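Working notes for the structure below.
The values are calculated or read from the model by the stated rules, or taken from the named source; none is laboratory data. This one's a predicted model, so the numbers in the text were calculated from it and none came from an experiment. Because the Cβ atoms are built from the backbone with ideal geometry, glycine has one as well, and the counts that use them run over all protein chains shown.
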Ligand code: PRX
């Protein structure tokens, strides 16, 4: 934690009421109704969650109690038994929805596929039968390193069918990140694809897995979906071709019934140390939270075509492309490629072509749309849209208003949803037919969520004052632990304010009770809505043979929210320059992934340190942003390095 005096800069005070037409048809249509349900959920959480669990989910053995809370460990519906894939598939087939479209897929080259619930269930069962044939047992870990293709969702649901624990690795990650995650989870199986289409190129995925597996002993089989048809190396006995391997498999597969607290997935996310955290989510509570929030926050209806642009490799893809959506029998749009391929109108074309009704994206994308110009959305019929969403970082009021007017044509409410990999589901958000909204505010807590804004001593601060965002009570989809590191779980989230979940975000509640989240207050950056720990980049950079020491900090970036600046000391005898900088950037791309590449690299013979040897990151952050340093430099060991570091880098 670096600072608790958080200055709140937003002065936005406009209020937008839910459009009347929207309100009239919404699941929740008044703020009073929202308040009544919310109050019920926090005054009697046991009763509230028990009732919802029995109403919303199909159980093999219904639970008799909802919550067990021994901070920092929570259990929900612990004596209940169920299967996630039954809740996402079988129950809809039984309800006669087999012919309803589950996924509308558009590949970047323009190929379109529609998959019904029946077809999805058949494919999931085939994949599960294949895993069974390969010897997979309940509790085994399965890596999924794929792009945005329906097969990624099929692989996830096939794991859920058998009680296997998946860990999806974002397709933008490179070798070192894949290797570390597979090793940490001791994965036995990996699903991947030859490559994915991105900006007109075939980006190799299997080749990265092949390299990573040179240093992973636990993986026995790799199932390869052929998407691009590009050349791949093949390890006989280890690698299986998805299409060939599935052909003989039956479309019937009995679900493995698991305890409500059985792990569903591990999703790695960046923290303040170099090692990513394996956030563990379990079955019953997670499914209930994502199902309920998906329905109320997105006001999901049977005939909606819902499109979330997040990749399946992030938590948004897990909760609001796959589990929350299929649990509601929703129809989900899935697009494989870049928003600006073959041109900047691609997203608007997709909305027009398929008649998308709900569109959920990130502020960084919205800022890019603004930059690309109004002519693109204006040239397309976006009248099918009825609701817009935002997630991943604070949305500045200007971008909010542009989104509202230019994309939503003033007709569509916007839900600005705050949540995290750890929270599993949306925690703060407007309810679109019920909540009047202020641009830039995440509005109000979802059912069962008790947020508080506190100072460094854990005392609540008055409304209007910035502070740290904590969550007071457990909620069904909260992370249960960090895989293999319960100690770090305690320390990171619960030791700071005993018994309360610490989010790592700064926030404020205004006089009208609206929550405004201002972003991370630790050394975690938010680059284009992707979470990156500076320590992770630093440990990658010092892993390069040229580098003696490295520090990475964020600087404000108009488009990405934040960008990364690295400060480097090279080993003796090496000369700084553009060529070395390019090599280091390439190294980060190769090891972690392109999106983690520093935007600028600066060199010096040493980094600014205190006399006790601690790097003064505060100064580096100012240097990166081009701000005046000011203040007292007498504690620095060698103030002369600052002049060197002020120079622009490469
Ligand atoms: O800083 C907050 C920011 O994203 C962080 C969580 O990142 P991640 O676990 O990758 O999950 C992103 C998608 C759920 C938070 O700690 N954040 C997320 N949504 C918002 C946000 N900041 C402000 N407003 C939001 N709506």
Item to complete: Go through 195, 248, 274 for me and flag whichever is closer than 20 Å to residue 154 by Cα and at pLDDT below 95.
Response: 248
Practice prompt. Working carefully through the options 552, 548, find the one that is farther than 13 Å from residue 467 by Cβ, in a strand (DSSP E or B), without any contact (Cβ under 8 Å) to a residue 60 or more places away in the chain and out of contact with any helix residue (DSSP H, G or I) (no Cβ under 6 Å at 6 or more places or on another chain).
Written response: 548
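Residue by residue, here is whether (1) away from the ligand (no atom under 16 Å from the Cβ); (2) within 22 Å of the chain's Cα centre (by Cα) holds:
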{"site": "224", "(1), (2)": "yes, no"}
{"site": "263", "(1), (2)": "yes, yes"}
{"site": "269", "(1), (2)": "no, yes"}
{"site": "277", "(1), (2)": "no, yes"}
{"site": "289", "(1), (2)": "no, yes"}
{"site": "303", "(1), (2)": "yes, no"}
{"site": "316", "(1), (2)": "no, yes"}
Worksheet item: Is it the case that some residue within region 452-467 is in a loop (DSSP other than H, G, I, E, B), crowded, with 20+ Cβ neighbours inside 10 Å and more than 11 Å from the ligand (Cβ to nearest atom)?
Response: no
Practice prompt. Could you tell me which residue of region 101-110 is farthest from residue 308 (Cα to Cα), considering only residues that are surrounded by fewer than 18 Cβ atoms within 10 Å (Cβ to Cβ) and in contact with a strand residue (DSSP E or B) (Cβ under 8 Å, 6 or more places away or on another chain)?
Written response: 109
Worksheet item: Quick one: which of 503, 534, 492, 435 is closer than 29 Å to residue 411 by Cβ and within 16 Å of the ligand (Cβ to nearest atom)?
Response: 435
Discussion item. Need the failing condition index for residue 105 against (1) out of contact with any helix residue (DSSP H, G or I) (no Cβ under 6 Å at 6 or more places or on another chain); (2) more than 19 Å from residue 298 (Cα to Cα); (3) modelled with pLDDT of 95 or more, just the number.
Written reply: (1)
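Conditions (1) in a strand (DSSP E or B); (2) more than 8 Å from the ligand (Cβ to nearest atom), marked per residue:
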| position | (1), (2) |
| --- | --- |
| 380 | no, yes |
| 383 | no, yes |
| 395 | no, no |
| 406 | no, yes |
| 412 | no, yes |
| 416 | yes, no |
| 422 | no, no |
| 425 | no, yes |
| 431 | no, yes |
Practice prompt. For region 561-580, indicate whether the set of residues that are loosely packed, with under 14 Cβ neighbours inside 10 Å, in contact with a helix residue (DSSP H, G or I) (Cβ under 6 Å, 6 or more places away or on another chain) and part of a loop (DSSP other than H, G, I, E, B) is non-empty.
Written response: no
Discussion item. Within region 116-135, does at least one residue satisfy the condition of being surrounded by fewer than 22 Cβ atoms within 10 Å (Cβ to Cβ) and farther than 22 Å from residue 89 by Cβ?
Written reply: yes
Practice prompt. Determine whether region 336-359 contains at least one residue that is closer than 18 Å to residue 408 by Cβ and within 16 Å of the ligand (Cβ to nearest atom).
Written response: yes
Worksheet item: Which of (1) assigned to a helix (DSSP H, G or I); (2) out of contact with any strand residue (DSSP E or B) (no Cβ under 6 Å at 6 or more places or on another chain); (3) away from the ligand (no atom under 16 Å from the Cβ) does residue 612 not meet, given it meets every other one?
Response: (1)
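For region 468-489, give me each residue that is touching a residue at least 40 places away in the same chain (Cβ under 8 Å) and away from the ligand (no atom under 14 Å from the Cβ).
473, 474, 475, 476, 480, 481, 483, 484, 485, 488, 489, listed by residue number.
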